[in-house]
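The values are calculated or read from the model by the stated rules, or taken from the named source; none is laboratory data. Note that the coordinates shown come from a computational prediction; the quantities given were computed from them, not determined experimentally. Heads up, the Cβs are rebuilt from the backbone with ideal geometry, glycines too, and the neighbour counts pull from every protein chain shown.
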Amino acid sequence: MSKYYRLLLDDYAAPSFTSFDKDYYGTLDQLHGFFNAIKADEDVASRHAYLLSIYDQYVAGKKTISHQVAYREVPFIVPAKILGEETLTLVRHSWDHLNTWQCIYHMKCDRIESSHLWISCYGKYTRCIQASFTNLFYDGFGNNYKRFAGNAWGFPHQIEYEGINTYSRLFVEEKVFKNKAEALNDRINFMYTPDPIYTGILNDIFADG
């Protein structure tokens with residue numbers, strides 16, 4: 001099983017007058033791919049120069065470095081323990097997404113391939129998701145579906161768009177549990193009656209809008 005790590009970043013889906021952080025998880029290769037994508041995007045790299053400088057220091061060997069997120073100092077990248085993992089494929093799937101303001105987006109796509117991790121990190125137990133959508137459509141106004149075409153408003157380069165495929169680079173939280181036993185029980189239930197939750201991913205598309 002691969003080693004995973006947690007990265008805290010600003011939550012772009014938080015209401016504009018507030019500041020919160022958001023948990024992202026990935027292998028070191030996934031994290032490096034995320035930061036390299038930011039570096040390769042000139043405008044985004046300029047806006048996130050501070051974050052990239054912290055990343056460069058981490059790569060150079062400062063593994064205990066911290067950074068500022070939502071007006072507080074937090075460890076940059078920390079190890080997480082994986083309690084279990086599952087994959088899921090859904091075809092011609094539709095569902096409703098509630099944004100930060102509890103407004104409904106009707107969603108549908110031809111195919112979803114998702115990976116799910118049950119994670120323990122610093123006493124917090126979560127189920128996390130990473131997914132790829134084929135022909136992702138959304139409708140917030142009533143039977144007027146539009147295909148998502150890459151205009152994500154969340155943290156830059158967490159969501160990528162290639163042709164008809166939309167995918168998340170890093171894992172985000174689906175569920176939070178009270179303890180390890182609750183997390184492990186959810187993993188067992190998921191194997192028989194999967195209940196994927198795409199909210200964390202879609203929040204990186206629609207942000208607070």
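With respect to Tyr138, determine if the residue is free of Cβ contacts under 8 Å to residues at least 24 places away in the same chain, crowded, with 16+ Cβ neighbours inside 10 Å and either outside the structural domain of Tyr12 (by TED's automatic domain parsing) or in contact with a strand residue (DSSP E or B) (Cβ under 7 Å, 6 or more places away or on another chain) (or both). It is false that Tyr138 is free of Cβ contacts under 8 Å to residues at least 24 places away in the same chain, crowded, with 16+ Cβ neighbours inside 10 Å and either outside the structural domain of Tyr12 (by TED's automatic domain parsing) or in contact with a strand residue (DSSP E or B) (Cβ under 7 Å, 6 or more places away or on another chain) (or both). Can we say Asp29 is closer than 22 Å to Gly200 by Cα, loosely packed, with under 15 Cβ neighbours inside 10 Å and not small (Gly, Ala, Ser)? For Asp29, the condition - closer than 22 Å to Gly200 by Cα, loosely packed, with under 15 Cβ neighbours inside 10 Å and not small (Gly, Ala, Ser) - is met. Inspect region 110-122 for any residue being farther than 30 Å from Ile54 by Cβ, of a type in the set (Ser, Thr, Tyr) and out of contact with any Cys (no Cβ under 9 Å at 6 or more places or on another chain) and give the result as yes or no. No.
Where helices (runs of 4 or more DSSP H) sit wholly within region 1-64, those with at least 2 residues that are outside the structural domain of Ser168 (by TED's automatic domain parsing) and under 12 Å from Pro156 (Cα atoms) occupy 28-40, 42-47. Taken over region 141-169, residues that are outside any loop (DSSP other than H, G, I, E, B) and surrounded by fewer than 21 Cβ atoms within 10 Å (Cβ to Cβ) amount to 7. Do we find that Thr126 is hydroxyl-bearing (Ser, Thr, Tyr), farther than 19 Å from Glu113 by Cβ and crowded, with 21+ Cβ neighbours inside 10 Å in this structure? For Thr126, the condition - hydroxyl-bearing (Ser, Thr, Tyr), farther than 19 Å from Glu113 by Cβ and crowded, with 21+ Cβ neighbours inside 10 Å - is met. Checking Lys63, Lys39, Lys81 one by one, the residue that is in contact with a helix residue (DSSP H, G or I) (Cβ under 6 Å, 6 or more places away or on another chain) and surrounded by fewer than 16 Cβ atoms within 10 Å (Cβ to Cβ) is Lys39 and no other.
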